[in-house]
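Taken together, the values in this text are just the output of simple stated rules run on the coordinates, not laboratory data. These figures come from a predicted structure and were not determined experimentally. Here the Cβ positions follow ideal geometry from the backbone for every residue, glycine too, while neighbour counts run over all protein chains shown.
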């Protein structure tokens, strides 16, 4: 049993001791950030049912608000929908014609289609970026086969990539995060660039060819990025090309940015595509020439044991 | 204990029996500020669609720790501050350790100057909290910049400090009422 003086001394030492622990946690965060993030993700994973429950009133309220707003302008909404419907019918005819033409061309080429990627849909549970970063936590349910690097899309376009996975949730790094770097292709100028997030709603375009600058208003799609460590489960997944990202816009001369199609501010339902099963190399097919393994860049030289130079030479 | 003005007892020295229920009541009243921070942090970590949720969570936690550390240290001890800071830290996705460190600084300053804070006007206490919020938010920004090795915008940090400064008077009025009523262990 401690004396009164001892207890006072202990009480005075408590706060400095906790300060030391806090500084230790800061140092751990600076040096081993994934350790802290995985602990946070595990907690968020456990709390995901509660988060879903708490988000339910907000979902109901937003649906109710949408209904009320729709009721106030039914005539205008109907007129707009009729005009849109006519436009969509024209686009439907164009799409059917293009699909037929595409099918004929593929039949002529004996095209072997890629495997369809698996995808998991989920609701955005909460913000997982804090003050300085842009990422969300997505509820995907149990027994998912999502791996880091898989792409996340909403109804309109690319939203981000998976960085961490839990049992029921995955963390998605948004395309406007400071750490996000996505290879993209510009559809009109046929150029390549890197889309770099900077925390703002509009990611920047960098590393594009100086003689082939991005054109205002042209569409931006993802560029093909192979998986760095093969396609083994657990490796960082590659990214397929051709996914819709947004359009180019110049905020000032010489500074092109991408106006994303996806709703980065309020993501709701997000699909995470797993392209691990989609084999871009194509399956073995009769009539196709099998690819040979690449030749080594520096062929091995025959082993020559060290010999003493003969006197008189050189 | 600072600025406690209880009504004089009619029968001094006579106290109710310390039954289990009374002890639990006292414990809950003493833990009320900590529970308020934890519940606020949990609710604000969910996807409610409220703008500035992370900033608000920091503001509520900082204001609560500052007020109770200054006005009733028994309800916000260093251990309680550390525990709530750790919970807030785990519920947030900010730079690791900064939330916890900031709450400990708020507690340390308010506890150290509690006698002075009880004498000065509310405006000076508010200014002290504002200065601390600004410095600690910028500290969090510096740690985030070091962690990512990039120059991040200080805007979110300044917004966080502004939210903390803006929310303190309202919370202070609420806590002043709670200190006399629901969060007073001696009324159990």
On a 0 to 90° scale, report how tilted helix B:122-148 is relative to the longest principal axis of chain B, with both axes built from alpha carbons and the result rounded to the nearest 10. 40
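Using the count of nearby Cβ atoms within 10 Å as a rough guide to exposure, how do B:177, B:141 rank from fewest to most?
B:177, B:141
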Report the residue, chosen from B:78, B:95, B:16, that carries the largest GNM mean-square fluctuation when chain B is represented by alpha-carbon nodes joined by springs under 10 Å. B:16
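Normalising by the residue count of chain B, find the relative contact order in percent from Cα pairs under 8 Å and 6+ residues apart. Don't skip to the answer; put the middle values down first.
Numbers: 201 pairs, mean separation 56.7, N = 188.
Rounded, it is 30 percent for chain B.
I need B:117, A:159 ordered by Cβ neighbour count within 10 Å, fewest first.
Details: B:117 23, A:159 27.
Ranking B:117, A:159 by Cβ neighbours within 10 Å, fewest first, gives B:117, A:159.
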Over the stretch A:118-274, what is the relative contact order in whole percent, taking alpha-carbon pairs under 8 Å and six or more residues apart? 27
What FRET efficiency would be calculated for the residue pair residue A:10, residue B:35, taking the C-beta separation as r and a Förster radius of 22 Å, to the nearest 0.05? 0.30
Compute the Rg to Rh ratio over the stretch A:118-274 from the alpha carbon atoms, using the Kirkwood formula for Rh, and round to two decimal places. 0.97
Rg/Rh (Cα only; Kirkwood hydrodynamic radius) as it applies to the stretch A:147-233: 1.00
FRET efficiency for residue A:188 and residue B:126, Cβ-Cβ distance as r, R0 = 45 Å, nearest 0.05? 0.20
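For the stretch A:49-109, what is one quarter of the convex hull surface built on the Cα atoms, given in nm²? Working shown, then result.
On the way: hull surface 31.5 nm².
Directional mean of the projected Cα hull area for the stretch A:49-109 stands at 7.9 nm².
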Would you kindly compute the Cα radius of gyration of chain B and its largest Cα-Cα separation (Dmax), both in Å? 17.8, 66
Computed [θ] at 222 nm, helices only, for chain B once each DSSP H run of length n ≥ 4 contributes -39500 (n - 2.57): -24000 deg cm²/dmol
Compute the FRET efficiency between residue A:219 and residue B:83 as 1/(1 + (r/R0)^6), taking r as their Cβ-Cβ distance and R0 = 56 Å, and round to the nearest 0.05. 0.60
Two decimals, Cα atoms only, Kirkwood Rh: what is Rg/Rh over the protein assembly as shown? 1.11
Calculate how steeply helix B:20-45 sits against the longest principal axis of the alpha-carbon atoms of chain B, using the helix alpha-carbon long axis, and give the answer as 0 to 90 degrees to the nearest 10. 20
Taking other Cβ within 10 Å of each residue's Cβ, how do A:67, A:189 sort, fewest first? A:67, A:189
